[in-house]
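The values are calculated or read from the model by the stated rules, or taken from the named source; none is laboratory data. Since the model is a prediction, treat every value here as computed from it, not as a measurement. Virtual Cβ from ideal backbone geometry, glycine too; neighbours counted across all protein chains shown.
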Amino acid sequence: MAQLTLDELRKKRKEAKKEIYLREGKYKSKIIVHMGTCGIAAGAREIVSAFLGEIEILTDKDVMLTTSGCAGLCSMEPMATVELLNSPSVKYGNLTTDKARRIFKEHILGGNIVTDYAIGIGSEKGG
Amino acid sequence: MAVRRIELMLCTGTGCVAGGAFRIYETLEKEIQKQGLEKEISVIITGCNGFCGQGPLMVVQPDEIFYGFLTPEDIPFLVQEHLLKGRPVKKLMFTPPEKKEPVPLLSEIPFFKKQMLVVLRNKGIIDPEKIDDYIARDGYTALEKVLSSMTPDDVIDEITRSGLRGRGGGGFPTGTKWKICRTEQKTPKYIICNCDEGDPGAYMDRSVFETDPHTVIEGMIIGAYAIGASHAYIYARTEYPLAIKRMDLAISHARDYGLLGKNILGTGFSFNLEIREGSGAFVCGEETSLIHSIEGKGPEPRQRPPFPAQLGIWDCPTVINNVETWANVPVIINRGADWFSKLGTETSKGTKIFSLVGKINNTGLIEVPMGITLREIVYDIGGGIPYDKKFKAVQTGGPSGGCMPDSMIDVPIDYESLTEAGSMMGSGGMIVMDEDICMVDVAKFFIQFTNDESCGKCTTCRDGSEALYEILTNITNGDGKEGDLEFLDEVGNAVKDASMCGLGTTLPNPVLSTLKYFRDEYEAHIKEKRCPALVCKNLIKYYILPEKCTGCKLCLKNCPPDAIKGELKHVHIIDQSKCTKCGTCLDVCPPKVSAIIKVTGKEMENITGIEEPYPVKRRKK
Ligand SMILES: Cc1cc2nc3c(=O)[nH]c(=O)nc-3n(C[C@H](O)[C@H](O)[C@H](O)COP(=O)(O)O)c2cc1C
Ligand code: FES
């Protein structure tokens, strides 16, 4: 490893910050993928991978991806809930990886709810 | 590394490692593979989380869920339920004593709530073996700032204005120490980091090494720049292999990055650092003794002044500071003296790390703002005393500290208030004692320790501690006599005044402070041959209450010296001539029966132990 100059150290810090963002709790938005047995059977794990792939190419990794249990709407699985800071959460159902990517771009990054796939707006009992 | 959705922050501090943290690590890795989650989830090792009493433990991020008392058997379920299906596992969460519902989130657990993390700001967030993790948490930005925009005098001024005082015991103002050294003409100059930490039960400094070694290194580089030193030593005990390993690794990473060595970050400043391992004596932690030890001489202290800042290692000006002192430096530079000086009390700024041990529900390592009260530490953070016993005292400052009694529970803790109480800050050991602890016995224990550790160079310390120990032994044996307390007082104060180094001047503290606050307990031992806490073996007897004994033979079978007479359904009798007072009978007697008691003083007279067993009378249900 070559010795760093001041500028190189600063650059390195910018890179390194991307690696630890999960632990610092600085999020603007949160995606919850429902991973009950029903969800997993319907393909929830591919949805997780699709979202992760999108997060990977972000510079500011301020999106949190987590999982939760069955949401009680097994027929609509795979499902995900998207929460943006200071706005009501939105539930999406019958997801595919393509739908997930579109939701990521339009809702998470763009701030616009993808009404085509939304099955409920507001807390818990949406849908 | 690709992005992950979950990181498992697994504690690998000394406590958790002893509890099997690395076995947990292996099982986690295996189960994560098994579920095919290795691309989404990674396990990160961290330094001590602090809540050592709950170890082995980990925190799941970003959910922030805290799991404790982990065993390898728990892992498959945990991985499947929480990591795969997103259902946190309640039974592995922390449940406060006497509560039914667990507290899932780390930040909601009372133990963590009142803490303030300055030195330990990266605790549980970084992998101590990765320099990039430290850098990501704004590590080495203070060094950048210093090297690119501050003069050495600016740095000293900032540290002075912050009010930072030494965390190694004495509480000397750090900026002043640096200034003294800077103004010395002689060169080269040296700096030393004191990680001797020989107090029984204390593990703050070693944990800082294990948790975040780079913050110490960064602090030392900044200190070297400020005083004009080009070489440093880190003195650590051989008994702390994990701390040394992580520090060693951190130094080599820092060197690779050009943060140590020649022409640091291309600024022309050069500085080098090496670890020296010391082994053994408590007195090695005393600064002049430590310097002798690095020089290869016998680790004996010498008279001060001159202070090391004027005449230190290799007869050169040397700044020696404690681990925690160094670790504060980068934060002060980054956030400014004004910010730092707002934390704490008038005379004591910032935070302090304590190791909270003894009779307390939540044991562990805590960092709290100066000025916090004992009550907050014992009841809010510590969760109170187990089994609802009564709080009696807290011993602070290590073996040469003193006791703060119940009456001082609301005094804000800082350097001055502890000294006033007859104790001291020391390096931050905090031992909680409940009603079952005998204060005379405690004083004896600590004097025995310092008496053993006295280097013997000055007679007051050596013979004085011996004399104190002898009297204390007599008192606890029931051989105390009129005048003993006056003698303890006199000798204690003489040792305090006339000893050469800090070991001698502080070793009477445990005696003098207990004499001050628990004099009646001493008097009971001497005048009534009574140990109120029922601890001193010569002053107690065990006795089986005939009206309660069911004649179950449990104590009889377990008694090591076979001192219990009896047969089934006959009231058992302890033969006092054989009893060694080990207390086994009390431990094994079923709680529903509770037939065994301890007695002391006058009550002992009637207990002879020469009666014979007789049949248990039928009792009304
Ligand atoms: C018997 C004895 C043991 C000591 N042990 C330690 C120790 O383990 N760690 C420490 O930092 N200071 C210890 N000290 C205090 C050091 O002499 C010295 O004051 C301290 O390292 C200075 O650093 P500071 O100003 O940052 O506190 C001890 C002092 C005495 C008298
Ligand atoms: S060692 Fe794990 S919490 Fe202290």
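A few points about this structure:
- Of the candidates A:V33, A:V90, the single residue that is surrounded by 15 or more Cβ atoms within 10 Å (Cβ to Cβ), modelled with pLDDT of 85 or more and either within 13 Å of chain B (Cβ to nearest Cβ) or out of contact with any strand residue (DSSP E or B) (no Cβ under 6 Å at 6 or more places or on another chain) (or both) is A:V33.
- The set of residues in the range B:562-578 that are buried (at least 18 other Cβ atoms within 10 Å of the Cβ) and hydrophobic (A, V, I, L, M, F, W, C) comprises B:A563, B:I564, B:V571, B:I573, B:I574.
- Of all the residues in the range B:252-262, those that are charged (D, E, K, R) and either surrounded by 16 or more Cβ atoms within 10 Å (Cβ to Cβ) or not in a loop (DSSP other than H, G, I, E, B) (or both) number 2.
- Close pairs from the range B:568-583: first among the polar types (S, T, N, Q), partner part of a strand (DSSP E or B), Cβ under 8 Å, at least 6 apart: B:Q576/B:K541
- The residue list B:G422, B:G426 contains one member that is more than 16 Å from ligand 1 (Cβ to nearest atom) and either surrounded by fewer than 19 Cβ atoms within 10 Å (Cβ to Cβ) or more than 21 Å from B:F112 (Cα to Cα) (or both), which is B:G422.
- Any hit, the range B:120-130, residues being among the polar types (S, T, N, Q) and over 30 Å from B:G384 (Cβ atoms): no
- Condition met for A:E19 (within 30 Å of B:N263 (Cβ to Cβ) and either over 21 Å from the mean Cα position of the chain (by Cα) or facing chain B (nearest Cβ under 9 Å) (or both)): yes
- Any hit, the range B:509-521, residues being in contact (Cβ under 8 Å) with a residue 60 or more places away in the chain, more than 31 Å from the chain's Cα centre (by Cα) and either in a helix (DSSP H, G or I) or within 16 Å of ligand 1 (Cβ to nearest atom) (or both): no
- Any hit, the range B:166-186, residues being more than 20 Å from B:P369 (Cβ to Cβ), β-branched (V, I, T) and either within 14 Å of chain A (Cβ to nearest Cβ) or more than 13 Å from ligand 1 (Cβ to nearest atom) (or both): yes
- Options B:A202, B:A229: the member that is away from every other protein chain (no Cβ under 14 Å), at negative phi, within 16 Å of ligand 2 (Cβ to nearest atom) and in a loop (DSSP other than H, G, I, E, B): B:A202
- Looking only at the range B:263-306, and only at residues there that are part of a loop (DSSP other than H, G, I, E, B) and hydroxyl-bearing (S, T, Y), the one that is farthest from ligand 1 (Cβ to nearest atom): B:T267
- The sole residue among B:E101, B:E73, B:E81 that is at pLDDT 90 or above, surrounded by fewer than 20 Cβ atoms within 10 Å (Cβ to Cβ), part of a loop (DSSP other than H, G, I, E, B) and more than 16 Å from ligand 1 (Cβ to nearest atom) is B:E101.
- Residue that is farthest from the other protein chains (Cβ to nearest Cβ) [pool: residues in the range B:138-160 that are under 10 Å from A:R13 (Cα atoms) and crowded, with 22+ Cβ neighbours inside 10 Å]: B:G139
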